[in-house]
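The structure under discussion appears below in the form of structure tokens.
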Amino acid sequence: LLDVYVQHGKGTATGWALQSGGQSGSRLGVRGSEDLGGGLSAVFTLENGIAADTGTVTQGGVFWGRQAFLGLSSKEWGALTAGRQYSPHFFASVANDIFGTGVGGGFASFVTTTVFRVDNSVTYELPKIAGVLGGSVMQSAGEGGAAGTKATSAHLRYASGPAGLSLAYLQRNTVEKQKLLSLAGSYDFKVVKLVAGWQDVKNLTGALGAADDRREVWLQAAIPVSASGTVQLGAAQAKASGATGKDAKQWTAGYSHALSKRTNLYAIYTQVDNGTATNYTTGGATGAGPAVTAGVDATALTFGVRHSF
Amino acid sequence: LLDVYVQHGKGTATGWALQSGGQSGSRLGVRGSEDLGGGLSAVFTLENGIAADTGTVTQGGVFWGRQAFLGLSSKEWGALTAGRQYSPHFFASVANDIFGTGVGGGFASFVTTTVFRVDNSVTYELPKIAGVLGGSVMQSAGEGGAAGTKATSAHLRYASGPAGLSLAYLQRNTVEKQKLLSLAGSYDFKVVKLVAGWQDVKNLTGALGAADDRREVWLQAAIPVSASGTVQLGAAQAKASGATGKDAKQWTAGYSHALSKRTNLYAIYTQVDNGTATNYTTGGATGAGPAVTAGVDATALTFGVRHSF
Amino acid sequence: LLDVYVQHGKGTATGWALQSGGQSGSRLGVRGSEDLGGGLSAVFTLENGIAADTGTVTQGGVFWGRQAFLGLSSKEWGALTAGRQYSPHFFASVANDIFGTGVGGGFASFVTTTVFRVDNSVTYELPKIAGVLGGSVMQSAGEGGAAGTKATSAHLRYASGPAGLSLAYLQRNTVEKQKLLSLAGSYDFKVVKLVAGWQDVKNLTGALGAADDRREVWLQAAIPVSASGTVQLGAAQAKASGATGKDAKQWTAGYSHALSKRTNLYAIYTQVDNGTATNYTTGGATGAGPAVTAGVDATALTFGVRHSF
């Protein structure tokens, strides 16, 4: 998948830029499975993140930084996988974000919070229960077994017809333990799909005495306006507790137009209202928004093309 | 494509070395297109440069450093692509270089000048006009929109039967703006293909007050001597204006032998005569020539194999 | 191929960790050949080493660090290849190691010694002689022709029915020249395959006056216990000459269970007894064992899954 976009951004400065990874992070990967008989399979994924504007590797230059894992999967017993994997909390987040953690959504601007990937992790994915319940639990052994890099996450989801609901938890062994607890759901009314989410965040940065607990909420809508066009609306808010100037808001209006099942164009306008002590900007899935200093608002108008292969 | 060669080089020191990328830079890539109907396609290219002698990544370690772009292409309206791409000036240069910017040619030794790749660039390729005229224009948005990394380039070409002609321009926002204007052409007489080029260079390095304007000329010939063998001859010269000791010359004689459509052997002798203030060496497409200090001439005799896959 | 394992290690500290590359280094590659007629082929290999626990690149971050070479191969005349390649000494070592240079074997813990890969190398592989004799010779040109990075290696092997024998040599131009001379063989009795090896090492580290000559021996057995299960046993010893406290021993017991031809599970227990001046640990093919300081013994119990693709 490649996704490039032209962005007119306004932050501390104003101007045009070309970025990669608006709706989705540009990537190239290898995935496979081998049927071992008795409903058991060996499964693996390797995925490289690409900055298509400059040719560099995203995820801080970690080559297989998007995903790298191997495991065994059984229809009856679930799947056990190990490596660098998305956290269960991330799966709950992306399932309840109209923008799919891409430009316009809170997970891209960090107004809402998730932990995308966890190294050295073992994940157990539950088999589907009664056709509607699913979930997964993850434990990271830490890098070389180091306690400070360990993490734990779990996700329980309900999906039936047009309704979906996710309960997710994540904890990281940062100096003050980062803890995320979220409840989010969606309902597809056909004329509009609504998404709403709530999250309690303890120790957002994990730094000692940072006074960075907060509540996050988001509300989004996707409105099909033609066979190939969808209007996307969203609003997100982070409300700090025990600190002033750390609240932030974001609102977004966009339009996505499918040229085929694999290729679409998009135009998205999004704005982040920063508190006096925050400097969030309108990021994409991996692309950068306009730079801002604390208290300055960020806006971006993006025009992009995304192509899956 | 992989290309490795043994080189006996003489510069400041003399000796044998193994190098990668003689005639062509070793590479591995992914390319694709999707038919979107109505003559429109989504097109993309990702290409990694490889130092096959050591396993490292070329282009300064930028993984997809050869090419990384995505765009839409129409037979009727041309193509619009964005990412890290070859400049129009490069396309004009490689089309008028018997050595294909590989070992023996001036673009590999830097006796003649082009700009290979431009980050954050948007290129519009014109549809073919009257069956003989083509061209493209490129604008780079600069890294994160930064003015100092912006660049502009254009290329107009005429191709009819055995004759080809290219007019190309490139400008980069270096401290003193680098400007390249070239006119080059080729004619295939069957018994010999001749190539000649001329280029005016303003601010070669772009550094302030560097007194590095110059004129470049090159003359090359490819002589088919058998069904699978071609003799290649070339000469190039850079003549500085407003500075002494900055002139340089190169001459080359080589032989390329096709083992198949995908595999060939080559033997190329090339020599660079440096001015008292230049230290150009006989590079390959990505391979290094013998090290020289200013004023020392460089010679290289290379034996290589190139294989496309 | 991906290989991940959970390790309970005891060294200076004790604990669990997740590692990549137990029995084999995780990897992804491209290999190809083109028939050029007359028994001649163009052949190439590119192989990337993967740390599947974190997504990073192994071999010190050199992307195509496992293998990167191109050459010509003839059934009658042998093969000539150039690039970054395994040394002939390595091929002799891996052919005589039940653990395949993976976890449990001396080549993984460095109790026994080989040189895996050599940059800038040209290898000539002999055609098979009389159906039983083979071998190869390798010479590295050094990086950019630099003398200090040159190396030479050769391997002569005999293989007939259940019996195999390898004689191998390697020399590196380190400050004091590192020289390895090994004689190793195997015999497959069907109920058990036995492997024994002996090696003389001059200047193990290559450092000036390091007093690091030594003799290495190893003895291993593979016992098929079912259609899909194999018990693996091994012992290795390094005995220093001219220095005290530099002797080390390793012993291993493991079990490998095939789920298919491409996928297997394994459980391996291995222990390294360090001398007062050595700090070897129980490594895997690329995975790390528990950290130890000089004189501390290392033990590891690993449970892993390996999947070829």
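The values are calculated or read from the model by the stated rules, or taken from the named source; none is laboratory data. Here the structure is a predicted model, which is why all the values come from computation and not from measurement. Because the Cβ atoms are built from the backbone with ideal geometry, glycine has one as well, and the counts that use them run over all protein chains shown.
Below are the figures for this structure:
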| read-out | value |
| --- | --- |
| Where a residue in the stretch B:23-35 is under 22 Å from C:Ala82 (Cβ atoms) and its partner, wherever it lies, is among the β-branched types (Val, Ile, Thr) and loosely packed, with under 15 Cβ neighbours inside 10 Å, with Cβ under 7 Å and at least six apart | B:Leu28/C:Val30 |
| The stretch A:175-185, residues that are of a type outside the set (Gly, Ala, Ser) and either surrounded by fewer than 19 Cβ atoms within 10 Å (Cβ to Cβ) or over 22 Å from A:Ala147 (Cβ atoms) (or both) | A:Val175, A:Glu176, A:Lys177, A:Lys179, A:Leu181, A:Leu183 |
| Number of the condition not met by A:Gly145 [criteria: (1) touching a helix residue (DSSP H, G or I) at 6+ places or on another chain (Cβ under 7 Å); (2) surrounded by 17 or more Cβ atoms within 10 Å (Cβ to Cβ); (3) modelled with pLDDT under 95] | (1) |
| Evaluation of C:Val111 against (1) more than 9 Å from every other protein chain (Cβ to nearest Cβ); (2) within 29 Å of C:Lys179 (Cβ to Cβ); (3) not in a loop (DSSP other than H, G, I, E, B) (one fails), failing number | (3) |
| Of all residues making up the stretch B:211-237, the number that are surrounded by 14 or more Cβ atoms within 10 Å (Cβ to Cβ) and in a loop (DSSP other than H, G, I, E, B) | 2 |
| Of residues in the stretch B:267-309 being part of a strand (DSSP E or B) and under 14 Å from B:Thr14 (Cβ atoms), the one nearest to the other protein chains (Cβ to nearest Cβ) | B:Ala300 |
| Selection from the stretch A:36-59 of residues that are part of a strand (DSSP E or B) and without any contact (Cβ under 8 Å) to a residue 12 or more places away in the chain | A:Gly37, A:Thr56, A:Val57 |
| So A:Ser153, is it part of a strand (DSSP E or B), closer than 30 Å to C:Ala288 by Cα and either polar (S, T, N, Q) or more than 14 Å from chain C (Cβ to nearest Cβ) (or both) | yes |
| Tabulated pairs, the stretch A:241-260, first over 20 Å from A:Gly106 (Cα atoms) and within 14 Å of chain B (Cβ to nearest Cβ), second hydroxyl-bearing (Ser, Thr, Tyr) and not in a strand (DSSP E or B), C-beta under 7 angstrom, 6+ apart or interchain | A:His257/A:Ser228; A:Ala258/A:Ser228 |
| Among the residues listed as B:Ser93, B:Ser109, B:Ser121, the single one being in contact with a helix residue (DSSP H, G or I) (Cβ under 6 Å, 6 or more places away or on another chain) and modelled with pLDDT of 95 or more | B:Ser93 |
| Members of the stretch C:268-297 found to be over 20 Å from the mean Cα position of the chain (by Cα) and of a type in the set (Gly, Ala, Ser), listed by number | C:Gly275, C:Ala277, C:Ala291, C:Ala294, C:Gly295 |
| Selection within the stretch B:36-57 - within 26 Å of C:Arg84 (Cα to Cα) and either touching a Gly at 6+ places or on another chain (Cβ under 6 Å) or not small (Gly, Ala, Ser) (or both) | B:Leu46, B:Glu47, B:Asn48, B:Gly49, B:Ile50, B:Ala52, B:Asp53, B:Thr54, B:Gly55, B:Thr56, B:Val57 |
| Selection from the stretch C:186-205 of residues that are of a type outside the set (A, V, I, L, M, F, W, C), buried (at least 16 other Cβ atoms within 10 Å of the Cβ) and not in a loop (DSSP other than H, G, I, E, B) | C:Ser186, C:Lys193, C:Gly197, C:Gln199, C:Lys202 |
| Which numbered condition C:Trp77 misses (of (1) over 28 Å from A:Gly29 (Cβ atoms); (2) within 14 Å of chain A (Cβ to nearest Cβ); (3) among the hydrophobic types (A, V, I, L, M, F, W, C)) | (2) |
| Any hit, the stretch B:90-102, residues being within 13 Å of chain A (Cβ to nearest Cβ) and surrounded by fewer than 24 Cβ atoms within 10 Å (Cβ to Cβ) | no |
| Top-ranked residue in the stretch C:56-74 [being within 14 Å of chain A (Cβ to nearest Cβ) and among the hydroxyl-bearing types (Ser, Thr, Tyr); ranked as surrounded by the most Cβ atoms within 10 Å (Cβ to Cβ)] | C:Thr58 |
| For C:Ala82: the one exception among (1) crowded, with 24+ Cβ neighbours inside 10 Å; (2) within 14 Å of chain A (Cβ to nearest Cβ) | (2) |
| Hits in the stretch B:238-263 (condition: within 22 Å of B:Ser93 (Cβ to Cβ) and part of a strand (DSSP E or B)) | B:Ala238, B:Lys239, B:Ala240, B:Ser241, B:Ala248, B:Lys249, B:Gln250, B:Trp251, B:Thr252, B:Ala253, B:Gly254, B:Ser256 |
| Count of residues meeting criterion [small (Gly, Ala, Ser), over 23 Å from B:Asp213 (Cα atoms) and surrounded by fewer than 24 Cβ atoms within 10 Å (Cβ to Cβ)] in the stretch B:257-309 | 6 |
| Any chance A:Pro224 is over 23 Å from A:Ala253 (Cβ atoms) and either more than 14 Å from every other protein chain (Cβ to nearest Cβ) or of a type in the set (Phe, Trp, Tyr) (or both) | no |
| Residue satisfying condition, being of a type in the set (Gly, Ala, Ser) and either touching a residue at least 24 places away in the same chain (Cβ under 8 Å) or in contact with a Ser or Thr (Cβ under 8 Å, 6 or more places away or on another chain) (or both), within set A:Ala130, A:Ala141 | A:Ala141 |
| Residue check for C:Asp53: crowded, with 24+ Cβ neighbours inside 10 Å, within 8 Å of another protein chain (Cβ to nearest Cβ) and either of a type in the set (Ser, Thr, Tyr) or closer than 26 Å to C:Gln232 by Cβ (or both) | yes |
| Filter result (more than 10 Å from the chain's Cα centre (by Cα) and assigned to a helix (DSSP H, G or I)) within the stretch A:68-108 | A:Pro88 |
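One line per residue, one yes/no per condition, for (1) out of contact with any Leu (no Cβ under 6 Å at 6 or more places or on another chain); (2) surrounded by fewer than 21 Cβ atoms within 10 Å (Cβ to Cβ); (3) basic (Lys, Arg); (4) at the interface with chain B (Cβ under 9 Å from one of its Cβ atoms):
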{"residue": "A:Asp3", "(1), (2), (3), (4)": "yes, no, no, yes"}
{"residue": "A:Gln7", "(1), (2), (3), (4)": "yes, no, no, yes"}
{"residue": "A:Lys10", "(1), (2), (3), (4)": "yes, yes, yes, no"}
{"residue": "A:Trp16", "(1), (2), (3), (4)": "yes, yes, no, yes"}
{"residue": "A:Gly22", "(1), (2), (3), (4)": "yes, no, no, no"}
{"residue": "A:Gly37", "(1), (2), (3), (4)": "yes, yes, no, no"}
{"residue": "A:Val43", "(1), (2), (3), (4)": "yes, yes, no, no"}
